[in-house]
Structure formats: C-alpha cells, structure tokens
Amino acid sequence: MASFKKAKGKIMLSISNGRNGLGITSRLAELNDLDMSLESAREKIRAISLEESNIDVSQLKKIKRIGEGGFAIVELHELTLPDGTVTKVAVKILKDKVPGPKPKAVPGADYEPPPMVSVPPEAIARFEAEAVLTKLFKSKNVVKSYGIAKGSDKFMFVQECCSGGSLLDKIQKPRSYSAEEALGWAIDTARGLAYLQGSSVNISVAHRDLKPENILISDEGVAKIADFGLSRMMDPEVNRQQELVGEDVMKDQFGPDGHSFSKMTRQTGTARYMAPECFTSTDYSRKVDVFSYGIMIYELWTRKRAYEDLYLTMDTVAKMVATENFRPTIPKHWPPELKGFIEECWHPNPEVRPEFDAIVVRLTKMMQAINEATEAGQVHPALAALEPPMSACCTIS
C-alpha cells in the first residue's frame with residue numbers, strides 16, 4: 001500500500017517539528033515519521049482526538065437540527081458538564097453518504113441525480129484533523145472546541161454555540177447594526193486572528209477561508225472565528241504554509257456538487273474573498289487572511305456583498321482581482337483613514353498588508369476617537385461612512 005508521506009494519495013501532517021512542546025501538535029508530528037496507509041493515519045488522528053476529548057456522547061441531548069453542509073449536518077444540543085452545568089453546543093455530525101459526480105448529460109434522456117457515495121476518506125481526515133487543531137485554541141474570539149464526543153459510532157465534533165448568527169446574517173439585514181457594533185466585530189475578528197497568527201499558541205495558523213459566514217456572534221455580541229476546515233498551520237519562523245491535511249489527495253475525488261477537488265491545490269477558499277496570490281500561486285503566506293479581512297470589512301461598512309452588482313461569476317471576479325488589480329469601489333464619502341486602511345488590507349503586495357496585531361491597535365484607536373466625538377456631540381467620519389448604506393460598484397485601478 002502507498003506510504004503515508006510519499007504516495008500520490010498522501011495526507012501530510014507537517015506540523016513544524018513538535019518543538020513548540022504542545023501535546024497535541026507533538027503527537028500529530030509523530031505521523032511525519034510513520035510509514036502508514038491513509039486509513040491508519042485517520043485512525044491515529046481519531047485516537048488523538050478521543051484522547052484529548054473530555055466529553056462523552058451521554059452528556060449530549062439533541063434539541064434540533066440547525067444546519068447542513070456538504071459533508072456534515074449541524075445540530076443544537078445541550079451539553080451537561082462534569083460540574084452539572086448545562087450549556088448549549090453546536091454538534092457537527094459527519095454524513096455517511098454524499099452526492100457523487102454528476103452523470104454525464106445525455107440529450108433527450110431523463111435527468112439522473114448524482115449517485116450517493118461514501119464521504120472521501122481524505123475529507124474525513126481533514127474533518128477529524130480540524131477537531132484536533134481547534135482544541136489548541138483558547139481565545140474568546142475563536143469558537144471554542146470541546147473535541148470529539150466519545151462513545152458514538154458517528155463522528156460528532158462538539159463546539160460552542162453562537163446564537164447571534166453570523167456576520168453575513170447581519171450584513172443581509174439592512175440597518176440591523178450600528179457603526180460601533182460593526183467596528184467592535186471587526187476588532188474582535190482581528191484579535192482572534194492576531195491570536196491565531198501570533199505566539200500565543202506557539203504556532204501560526206492561516207485560516208484561508210475568512211468570510212462573514214465564518215464569523216459567528218455570541219449571545220454577548222462578541223465576534224468569534226469559526227470553520228477551520230481549510231486552515232493551515234504555518235511555521236512561525238519562515239511564515240510559509242505547512243500542510244495539515246494535504247490537498248493533492250483530492251485530485252481524483254469529487255465533492256457533493258460534482259466538481260473535482262483538484263482546484264483546492266491552489267485556489268483555496270471562497271472566490272469573493274480570495275487573495276490574488278491564492279489564485280495564481282501555491283506559495284503564499286498568512287497575509288491571505290488580511291486580504292479576505294479587508295473585503296469583509298468593506299462589506300460590513302457598505303452593508304452589501306462585494307461585487308454583487310456585477311453580472312459576473314465569482315470565479316471571473318477572482319481572476320480579475322489577481323490579474324487586473326480589480327477591487328470593490330470604495331464610496332467617495334468614506335474618510336481617508338478608513339479608505340486607506342481597507343486599501344492596505346487588500347493591497348496586491350502581501351508585504352504591504354498589515355499584521356493583525358497592528359490592525360487591532362489601529363481600529364481600537366478609531367473606536368476611541370468615535371467615542372470621544374460622540375461624547376462631544378459630534379459625528380465621527382467613520383460613523384457617518386456607515387449611515388446611510390451607500391450603493392457601490394467596482395473599478396479597476
């Protein structure tokens with residue numbers, strides 16, 4: 001059978017080299033030195049997940065189903081903690097079967113739905129590895145992971161429940177939030193990313209799919225980063241990507257929409273938020289998240305999806321972003337401070353984009369200035385930029 005590291009169908013777990021001393025990462029790093037099959041690798045990941053978990057399926061009580069994705073359903077459960085406290089959690093449950101490749105269309109023939117196939121083992125490994133990775137995170141601005149529930153024949157990934165919805169929910173509801181709330185969520189998200197990409201966890205994580213759908217709002221109104229399925233652990237010293245679960249294994253596999261996974265080897269993420277270097281190169285840094293963040297903040301302030309007025313596919317837009325420096329048009333009434341910040345975030349040169357710790361400082365100062373202006377009976381320009389929602393299209397600069 002093909003080896004774990006060298007065969008075409010490999011999965012890599014190149015997580016630095018365990019020098020950070022963290023239990024989970026050092027355990028995962030062991031897989032680099034083992035000659036094993038994909039199935040064996042999956043079993044080892046699962047064993048680590050279960051060992052690190054501190055909950056049992058008997059502690060969970062289903063309330064209702066709240067969502068569904070390509071490979072999993074999401075349910076709302078009550079979790080009874082060891083001290084007797086009951087808290088609501090979101091439980092991702094991996095599906096047994098998913099739609100396979102679409103049958104080739106035959107003129108005049110009746111429509112045939114895609115056949116149901118097993119979830120690709122590589123996707124299962126990615127899902128399980130996410131459960132291990134997220135157990136490392138201890139930040140109020142990252143969705144808390146409880147790990148895998150023990151005692152179930154299904155893969156049940158238990159996470160904190162954020163009942164406030166997502167940033168996308170907010171953006172799609174006109175005038176549903178104030179500038180202060182928008183800025184607070186922007187700061188929360190930047191703090192979470194500064195934590196993930198700083199020294200707090202002794203690793204550096206590139207999210208690679210940052211978008212409003214993946215920023216959840218807690219009961220207290222705090223923004224939290226979620227969904228690390230496409231994340232990469234980076235070497236903090238050289239700031240280059242290290243594979244958590246390799247993508248080349250997807251080359252001959254198909255997802256639930258019938259499209260090949262092979263595109264994910266380079267163009268990883270969501271096209272609307274994809275940095276130019278994601279579209280054109282496999283060699284990119286964590287600064288791809290800063291680009292996505294800039295697009296997301298633009299959407300928060302304009303209360304609309306970027307590029308939504310265009311009669312173009314998002315794949316076409318992503319190509320234009322990468323090759324023609326295409327960006328959303330910033331409204332003319334925006335103050336230079338806000339305009340300059342957004343333009344730095346989505347700058348074509350990753351080195352020009354700010355680090356997230358600097359973004360936190362910058363936006364915190366803006367929040368302080370807004371509060372001071374409000375106390376003085378004035379309207380800060382950044383506050384006025386949000387009210388009222390303005391129409392914006394796009395330009396090529």
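The values are calculated or read from the model by the stated rules, or taken from the named source; none is laboratory data. These figures come from a predicted structure and were not determined experimentally. Don't worry about glycine lacking a Cβ; one is built from the backbone with ideal geometry, like all the others, and counts go over all protein chains shown.
Figures for the structure shown
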| item | result |
| --- | --- |
| Within segment 301-334, tally of residues that are among the basic types (Lys, Arg) and under 16 Å from His347 (Cβ atoms) | 1 |
| Qualifying residue in segment 283-292 (condition: of a type in the set (Ser, Thr, Tyr), within 17 Å of His207 (Cβ to Cβ) and either in contact with a Ser or Thr (Cβ under 7 Å, 6 or more places away or on another chain) or not in a helix (DSSP H, G or I) (or both)) | yes |
| Considering residues of segment 61-93 that are closer than 16 Å to Lys150 by Cα and more than 24 Å from the chain's Cα centre (by Cα) only, the residue surrounded by the fewest Cβ atoms within 10 Å (Cβ to Cβ) | Pro82 |
| Filter result (among the acidic types (Asp, Glu) and free of Cβ contacts under 8 Å to residues at least 24 places away in the same chain) within segment 101-136 | Asp110, Glu112 |
| Single unsatisfied condition, Thr134 versus (1) of a type outside the set (Asp, Glu); (2) modelled with pLDDT under 85; (3) within 27 Å of Arg272 (Cα to Cα); (4) surrounded by fewer than 16 Cβ atoms within 10 Å (Cβ to Cβ) | (4) |
| Cross-chain or 6+ apart pairs with Cβ under 6 Å, segment 177-194 first and in contact (Cβ under 8 Å) with a residue 40 or more places away in the chain, then of a type in the set (Phe, Trp, Tyr) | Ala190/Phe356; Leu193/Phe356; Ala194/Phe356 |
